[in-house]
Amino acid sequence: MSSPEKKNNEPETKDETKKDKKEKAKEEDEFSPEDKALQEGLELAVQRTNDSELGVVSAALEHLRKEIRSATTSMTSVPKPLKFLRPHYAGLKETYEKMIGGANKLDMADIISVLAMTMAAPEERECLKYKLQGNPTDLGAWGHEYVRSLTGEIGNEYNARAITAAGDGLTEANTADLIDLVKVILPFHLEHNAAAEAVDLLVEVQQLPLLIQEGAKVDENNYARICLYLLRCADFMADPEDLAEILNTAYTIYSQQGAHVDALRVALRTGVDLDKVASTMEAVGSDLTTKQQMAFILARHRVNYEFEDDDDLNALIGNGKLSECFLALARDVDVMEAKTPEDIYKSHLADTAAFVRRRDANRVVDSASTNLANTFVNAFVNAGFGTDKLMTPEDSQWIYKNKEHGMMSATASLGMIFLWDIDEGLVALDKYLYTKEDYIKAGAVLAIGVVSSGIRNESDPPIALLPDHLAEGSSIVKCAACAAFGIAYAGSNREDVMEYLLPVVQNSEGADMTEVGLAALSLGHVFVGSCNEDVGSALVERLMEASEEELDHPMARFLCLGLGLLFFGRMERADGMLEAIKTVEHKMGKYAAITLESCAYAGTGNVLKVQELLGVCAEHLTENADHQAAAVLGIALVSLGEDVGSEMALRAMDHLLHYCELPIKRALPLALALLNISNPDYSFVDQMSRLTHDSDAEVANNAIMGLGLLGAGTNNSRVAGLLRQLAEHSRDRNHTFVVRIAQGVLHMGKGLIGLSPFHSDRLLLSGVGMAGILTVLHACMDMNKTILDKVHYILYYLTGSMNPRMLLTLEEETLENLPATVRVGKAVETVGQAGKPKSISGFQTHTTPVPIAVTERAELAGEEFLLTGSNLEGIVS
């Protein structure tokens, strides 16, 4: 069988050989006369590089250099000189080795370096090797592709030297020659709109400070593109020192270019450092408009900064104009009329005969629960409007339609209705502060904190009114005062507030754990992200000394959360405290450790921490698994804010949903909601909708609350429809109560107030905003003993997270509303894109004030106004 095949194959082989020869001959024939002349000239020049006459060699090298340079300016295909010189590459290297040092040898090294770009093996890094032996300057003349190739090899060589040095026990490698070359490449990249390549190279060789030195070619034309790329790179920096360096570089560039508003945004991104804020403010000089805009950013981030001699700016930082601006938006979109809970429930849409019978049957039995739900819905929906139809009418008896703790929440709802308007709010609350009914008095005390949330007033009413109630009131009044301090002074870092709350936490003789938990939580809110040593040591000491009975109390978890908030976003600075907590043997010790670690790395996207938390979830526990629920929430907390990380976290949660035990499954809806607060993304809503029908009541309740948080303040019709259906078919009192709360949160501020903790084009994560959300989420982990029991007023901690989702433009001198034409559309990522790409898509043109969703961005439609910063969001002067 084999011989015939061989015979058959022989003619084919001969035919193929003939064919190859013909093709080769044809290719040679296709050479144009110019190509033949070029090839012959190059070959002749290569031969003459071996000449003994230096002048002949110099002329030959000049000819090679001229031909290669003229061909490598564009790299759409392999240039013909490089193609013709390929066979001579090895010979040229041999010639180079024989050359005696001098100008000719340097020129030859340059030429071989360029040829190595397409001819050398990648791992040899010959392009870089020969460039280091050649002329160090004039890189751009060889073309962009050559510089790009050289840049890649510099990064690889730097890493290789660092690994070698580490293996030899040296502290650092000798990379001076590489850094000298980087200093030549950097200006070339920046002059040729290659900011991304320049930053990548500097990050690779750990030389970011070169960007802020003279000669770096950073100017008004390219600084915005460079800084935007630096800030996006910061999301992927796992090492705290690298993160600090990249943010400080961006801050310095913005400051050097006079972009002080953007410099302030970056300063806040590094953590609230009042010294840096002060120096940024001082750098502005006498430019009042810029200072006003910076004051609005500080107000949104809840930074407690004060000017010594400018009360007007202090009023802006203290959110003095927030209520006025919010009501201007409400008037513009025509939603000033007060709404009742029934306007939200729209029960008439579900008036089937069966539903009416069930509603009538349950009406008497559940009146207390129904009225309490109506109280919260009324408070959330009419928040900030100063008027409603249940509490503010003169002849209102709504408070007395509730029982005990329900009366407290009803009175406190006045604070929410008058949110951000301290003067009117205190007038409405005054008569309730002197009542003999403790629950009503406690509600009024809590309302003082709610109405003052985020507002800094000269007379400072909370600090004047609350201490007396904390010292002399009954237990429920003390609880209200503790919560009011935390809500009113969140993010302020005020030492005088600490002096009132610390004794409550440290009290261990017959202490009420509800008071201790709320005081610890409020300390976490007041000192969020500050790493305050006094507060930290007091909270850890209380955890260590607490009895088993105290740690089993449902409010003990807020002692842990308060400690976590103290180190919010501060990464490795929480390590010492973490070691101390691990000595607590009770199950709450694990809960505290995981809460602290996840808060410390909140919003960093740190993959290693996410893996650790997933490892905690891998254990199959059915009891004492509170720490696993905290780990699930921690995965979302660490991943949020960065799209890729959020997507990966969503996948991980999908797996947990299928394979985990019930304690983890109960926390999953809360984690999903945390990833997309006030952003009802279809896939998340769909997943949450399925979980609302789960057979486990706690999973279903958490999913319902999650639906509310997903759509918080958006009036999303799909979420509203799902919640309405759940209310229609609900037969459980608790289930209905949670649905009502979710409906209230969904329609928060009649669709004008959101809960998203991100602002300033999603660059900044507000610690105060996240603290309020985390408080409610941790309460939901044991909902039956907190929100569904007697501590439902903990929902008012959401006040710190509530902000108008608007764009409102003001006149720079009078700060009066100034209508401006803007385009509002879906935000598009423009980092690293060439030219001037559009930053929004699918836009609509509006006149300010205008509501803006979490995923939207605005830009000026005309040229009649100038921006003081780089983004339009919130209040803009």
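The values are calculated or read from the model by the stated rules, or taken from the named source; none is laboratory data. None of the values given here were measured: they were computed from a predicted structure. Counting neighbours? That spans all protein chains shown, and the Cβs are built from the backbone with ideal geometry, glycine included. In case anyone asks, the SASA skips ligands and DNA or RNA and just uses the protein heavy atoms, side chains included. Shrake-Rupley method; radii C 1.70, N 1.55, O 1.52, S 1.80 Å.
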query = What do you reckon, is residue 76 modelled with pLDDT under 80 and either assigned to a helix (DSSP H, G or I) or open to solvent by 40 Å² or more (accessible area, probe 1.4 Å) (or both)?
reply = yes
remark   = In the set 728, 816, the lone residue that is under 29 Å from residue 693 (Cα atoms) and among the acidic types (Asp, Glu) is 728
message = Can you tell me how many residues within segment 120-144 are closer than 21 Å to residue 62 by Cβ, among the aliphatic types (A, V, I, L, M) and either touching a Ser or Thr at 6+ places or on another chain (Cβ under 8 Å) or in a helix (DSSP H, G or I) (or both)?
response = 1
key: Residues within segment 592-636 that are at pLDDT 90 or above, acidic (Asp, Glu) and over 20 Å from residue 524 (Cα atoms), tallied   = 1
key: residue 426, sole failed condition from (1) in contact with a Leu (Cβ under 8 Å, 6 or more places away or on another chain); (2) of a type in the set (A, V, I, L, M); (3) open to solvent by 10 Å² or more (accessible area, probe 1.4 Å)   = (1)
Where a residue in segment 54-67 is without any contact (Cβ under 8 Å) to a residue 12 or more places away in the chain and its partner, wherever it lies, is surrounded by fewer than 20 Cβ atoms within 10 Å (Cβ to Cβ) and of a type outside the set (Val, Ile, Thr), with Cβ under 7 Å and at least six apart = 56/48
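Pick out the one residue from 852, 840 that is surrounded by fewer than 24 Cβ atoms within 10 Å (Cβ to Cβ), farther than 30 Å from residue 413 by Cα and touching a strand residue (DSSP E or B) at 6+ places or on another chain (Cβ under 7 Å).
Details: 852 fails: farther than 30 Å from residue 413 by Cα.
Every option except 840 fails the conditions.
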ask   = Taking interchain pairs and intrachain pairs at least six residues apart, which have beta carbon atoms under 6 angstrom, with the first residue in segment 388-405 and on the phi > 0 side of the Ramachandran plot and the second buried (at least 20 other Cβ atoms within 10 Å of the Cβ)?
value = 404/439
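Within segment 573-623, work out how many residues are under 20 Å from residue 562 (Cβ atoms) and assigned to a loop (DSSP other than H, G, I, E, B). Walk me through how you get there before you give the answer.
Here is the first cut: in segment 573-623, the residues under 20 Å from residue 562 (Cβ atoms) are 573-584, 586-603.
Still in the running and assigned to a loop (DSSP other than H, G, I, E, B): 582-584, 586, 601-603.
Counting residues in segment 573-623 that are under 20 Å from residue 562 (Cβ atoms) and assigned to a loop (DSSP other than H, G, I, E, B) gives 7.
In this structure, is residue 530 of a type in the set (Ser, Thr, Tyr), assigned to a loop (DSSP other than H, G, I, E, B) and surrounded by 18 or more Cβ atoms within 10 Å (Cβ to Cβ)?
Details: of a type in the set (Ser, Thr, Tyr): yes; assigned to a loop (DSSP other than H, G, I, E, B): yes; surrounded by 18 or more Cβ atoms within 10 Å (Cβ to Cβ): yes.
Yes: the conditions hold for residue 530.
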inquiry  = Quick check on my filter: what residues within segment 175-202 are open to solvent by 20 Å² or more (accessible area, probe 1.4 Å), closer than 18 Å to residue 230 by Cβ and outside any helix (DSSP H, G or I)?
reply    = 193
Count - residues of segment 690-746 that are out of contact with any Ser or Thr (no Cβ under 7 Å at 6 or more places or on another chain), assigned to a loop (DSSP other than H, G, I, E, B) and either touching a residue at least 60 places away in the same chain (Cβ under 8 Å) or within 15 Å of residue 668 (Cβ to Cβ) (or both) = 6
message = Looking at segment 640-653, I want the residues that are modelled with pLDDT of 85 or more and have a partner that is open to solvent by 30 Å² or more (accessible area, probe 1.4 Å) and of a type in the set (Val, Ile, Thr) with Cβ atoms under 9 Å, at least 6 apart or on another chain. Which pairs are those?
response = 648/607
message = Return the residues of segment 162-174 that are at pLDDT below 85 and part of a helix (DSSP H, G or I); say none if nothing qualifies.
response = 165, 166, 167
Pair list, Cβ < 6 Å and 6+ apart or interchain, from segment 548-569 residues that are under 13 Å from residue 511 (Cα atoms) to residues that are of a type in the set (Ser, Thr, Tyr) = 555/514
message = Being within 23 Å of residue 575 (Cα to Cα), modelled with pLDDT under 90 and either open to solvent by less than 30 Å² (accessible area, probe 1.4 Å) or not aromatic (Phe, Trp, Tyr) (or both) is the requirement here; does residue 544 meet it?
response = yes
key: Number of the condition not met by residue 666 [criteria: (1) open to solvent by less than 20 Å² (accessible area, probe 1.4 Å); (2) in contact (Cβ under 8 Å) with a residue 24 or more places away in the chain]   = (1)
Test set (1) open to solvent by 10 Å² or more (accessible area, probe 1.4 Å); (2) under 23 Å from residue 781 (Cα atoms) - residue 607 fails condition number = (2)
ask   = Within segment 49-62, can one find any residue that is within 59 Å of the chain's Cα centre (by Cα), farther than 19 Å from residue 95 by Cβ and surrounded by 14 or more Cβ atoms within 10 Å (Cβ to Cβ)?
value = no
task = Could you grab me the full set of residues in segment 248-275 that are of a type outside the set (Gly, Ala, Ser), open to solvent by less than 40 Å² (accessible area, probe 1.4 Å) and under 14 Å from the mean Cα position of the chain (by Cα)?
result = 265, 266, 268
inquiry  = Checking residue 569 against (1) open to solvent by less than 10 Å² (accessible area, probe 1.4 Å); (2) on the phi > 0 side of the Ramachandran plot: exactly one of these is not met. Which one?
reply    = (1)
query = Which one of these does residue 218 not meet: (1) open to solvent by less than 60 Å² (accessible area, probe 1.4 Å); (2) under 23 Å from residue 279 (Cβ atoms); (3) in a helix (DSSP H, G or I)?
reply = (3)
